[in-house]
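These notes concern the structure reproduced below.
The values are calculated or read from the model by the stated rules, or taken from the named source; none is laboratory data. Keep in mind that what you see is a predicted model, and the values were worked out from it rather than measured. All Cβ positions, glycine included, derive from the backbone under ideal geometry; neighbour counts span all protein chains shown. When the accessible area is computed, the model is the full protein with side chains, heavy atoms only, and any ligands, DNA or RNA have been set aside. Shrake-Rupley method; radii C 1.70, N 1.55, O 1.52, S 1.80 Å.
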Amino acid sequence: MNRRQFLKATGAASAVVGSLGLGFYGYEAGKDPESYTGWETHEGAHQTFNRKRYASDHPHYIKVGPTNRPDARTEVIFYRRGDFMRNWKDDAGIGGLPEHLRVYYQQHPDVLEQDLYHLKEVFPKMREDYRKYRNKFILASAWSNAMGAVSPTPINQPPEESDFPRRSRFGEQTEPLKMKNPLKTSKLIKKIAHELGSTLVGIAKLNPDWVYLYPMRGRGFEPDKPLNIPEHWKFAIVVGTPMSWDPMYANPNFGTSNDAYSRSRIIAFRLASYIKQLGYPARPHTPGTSYDLMVPPVAIDAGLGEQGRHGVMITPELGCNIRPAVVTTNLPLVPDKPIDIGVQSFCNTCKICAENCPSGAIPFGDRVEVRGYLRYKIDTAKCHTFWNQNLGNMGCRICIAVCPYTRKANWLHKAALNISANDPTGISHSVLTGLQKRFYPGPNPQKYYSPSFGGENASYRKPPWWLRAEDFIEF
Amino acid sequence: MHFFNSGLFWFLEGIFACLTMIGLKIWMEDCRIPMPFWKWLLFVIWVFFFGFTIAFVGTNLGEKEQNAALLGGTIFGLISIITAVGLWRILKIGKK
């Protein structure tokens, strides 16, 4: 073929390919959920990861001993510290505390030390720092409070009263509709969850080990009495949304959990209502503290991700930037399988979260036994103490921001994820960890503290323009 | 959907790629350098790496990660330049 012939052939081929390209472009433009202006639910388009390929017959966590259910009164730090702060009297000491706290602190004297430090040292300094430095973060606070301003009425009745549909409520069937097929029902429920705005959705068979033995207050259970798991809590539907990305990267001082908490909460309540209108019981378990169970292991069972070193679930699509909620029900469903995307191996090597944690709450060592399961154990007392040693919106979230998995879903980070998920040798984990540390470093963790604690009110990244109070407000 | 995220954009990129290949072919013919398939393969690999470098810088600038853009641009850019010199020497093999 001479040059002229080649050029002619190339031209013809380009014309065909180009025309096809225009056709495909048109098709995608017509199909694109982003073009549904004002109602861009994405229709599940962001739950893109092919989980079937990485499905595992069992979750990554290993049962290594007899298991027991957690006690929300002591294991959930907000409740323990709330109880502690209300009941602690210097002259009475540990003897003046309710029995469950007394027993707990006798078994964990280091935690008592932390909780006392939190009460005596951190709180007074935190109030002073708020007074002095709060203005800079006032728009971040407004954003956080605004996102939390809309909330469904909390459930404060026990399951036998609140979970079941009632004829008196509009639309709710009192007899369950006969669903044709659990697989089709599962597909329907996932579609509805996506339509309601959930970014990720998965289904698990509820493991009783994840349900609190002694429940949280205000959920309608008798106080200080063990929770008998209702029979109708058969399946757990996990929904979840991410926190807004730019504020999230500006943690701890400019980020919030409230944006995703609020969205996930509303989705869970709507989904529960939908299920009740099919005639089945449903109960939402939602952030920040309206749970009867621990959500992350349920989400792991539902195949949404794996636990990372920092204790948070890591998902392929969102990294650990997800705030999940759960709806328990006995609607006939088919559970999803857990997945293995190489997180356990990656976290063995990485440790970026532990290196960047200002409170030292994240372990550098191996997984340990926690209530019969081998998993990473976070020092929640140290973690929560730091929440009140910075000026952010109730929380820290630095471990989420620095995690190599928590990157935006563009070609670069998706490629890194796929390489890491498909590398059985672990070589790419070391390489990717090294690149993450060189390319995306953060401040010295001490700088995240507020000045009373020797810090500089630093954030992992600069806040987006719409959170910079000094640009909009005269102080 | 932004233009640079669209099918039209990639279609145009494809046209540019074709024109580049055509131009390279004609240039190599004028330099009297034979271009068997393995030289084309090396060239394509280098183009992918160079393209990765440009896209890496752009992506990190878009993410406001200036440190990553600068460091990555420098490291991958240097590798691109060094390998380009090596590639040119290889391509010249068999020059008449």
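Quick notes on this one:
- Exposed GluC sites (Glu not before Pro) absent: longest stretch of chain A, with sites in DSSP loops and at most 14 other Cβ within 10 Å deemed exposed: A:232-455
- Taking every alpha-carbon pair in segment A:323-408 and binning the separations at 10 Å intervals from zero gives 14, 35, 33, 15, 2 percent.
- Each residue, A:ASN50 and A:ASN422, gets one label point 7 Å from its Cα in the Cβ direction; the gap between the two is 0.8 nm.
- P(r), alpha carbons of segment A:275-423 - 10 Å bins starting at zero, rounded %: 10, 35, 35, 16, 4
- Amide proton proximity set for A:LYS377, modelled H, under 5 Å, gap of 5+: A:VAL368
- Neighbourhood net charge (12 Å Cβ-Cβ; Lys/Arg +1, Asp/Glu -1) for A:GLN436: +2
- The chymotrypsin sites (Phe, Trp or Tyr not before Pro) found in segment A:429-462 include none that occupy coil by DSSP while having at most 10 further C-beta atoms within 10 Å.
- Descending Cα extents along the principal axes, segment A:231-317, whole Å: 44, 24, 23
- The residues neighbouring A:HIS413, those whose beta-carbon lies less than 13 Å from its own, together hold a net charge of 0 under the Lys/Arg +1, Asp/Glu -1 convention.
- Loop-exposed trypsin sites (Lys or Arg not before Pro) per DSSP, neighbour cap 12 Cβ within 10 angstrom, longest uninterrupted part of chain A: A:181-475
- For chain A, with +1 on Lys and Arg beta carbons and -1 on Asp and Glu, the positive-most of A:GLY65, A:TRP233, A:SER290 along the dipole: A:TRP233
- One compactness figure for the protein assembly as shown is 1.13, namely its Cα radius of gyration divided by 2.2 N^0.38 Å.
- Length-normalised contact order for segment B:34-96 - Cα pairs under 8 Å, 6+ apart - percent: 42 percent
- Computed with a 1.4 Å probe over protein heavy atoms only, the accessible area of A:ASP246 comes to about 60 Å².
- Coil-residue trypsin sites (Lys or Arg not before Pro) of segment B:28-88, DSSP, other Cβ within 10 Å capped at 10: B:ARG32
- Taking the C-alpha atoms only, the angle from helix B:37-62 to the longest principal axis of chain B is near 20 degrees.
- With viscosity 1.306 mPa s and temperature 10 °C, the Kirkwood radius over alpha carbon pairs of segment A:358-475 converts through Stokes-Einstein to a diffusion coefficient of 93 µm²/s.
- Rounded to the nearest 20 debye, the dipole size of the protein assembly as shown about its Cα centre is 1580 debye, using +1 on the Cβ of Lys and Arg and -1 on the Cβ of Asp and Glu.
- Stokes-Einstein diffusion for segment A:427-475 at 4 °C, viscosity 1.567 mPa s, with a Kirkwood radius from C-alpha pairs, works out to 96 µm²/s.
- Candidate cross-link partners of A:LYS8 among the aspartates and glutamates, defined by an alpha-carbon separation under 12 Å and a same-chain spacing of 8 or more, are absent.
- The overall shape of segment A:171-210 is oblate: from the C-alpha gyration tensor, with semi-axes ordered a ≥ b ≥ c, the ratio a/c is 1.5 or greater and a/b is no larger than b/c.
- Note on segment A:129-187: Cα-only Rg and Dmax are 21.5, 62 Å.
- DSSP bridge pairs, the protein assembly as shown: antiparallel proportion in percent, nearest 5: 95 percent
- Taking amide H as placed 1.01 Å from N in the peptide plane, the amide H of A:LEU213 sits under 5 Å from that of A:ASP71, A:ALA72, each at least 5 places away or on another chain.
- Note on chain A: dipole from Cβ charges, positive end direction compared against A:PHE346, A:TYR376, A:LEU188; the farthest Cα belongs to A:LEU188.
- Heavy atoms of B:THR20 accessible to a 1.4 Å probe, total area in Å² rounded to 10: 80 Å²
- By the beta carbon rule, with partners counted only under 4.7 Å, chain A holds these lone Cys residues: A:CYS320, A:CYS347, A:CYS350, A:CYS357, A:CYS383, A:CYS396, A:CYS403.
- Over segment B:34-96: Kirkwood hydrodynamic radius from C-alpha pairwise inverse distances, Å: 12.7 Å
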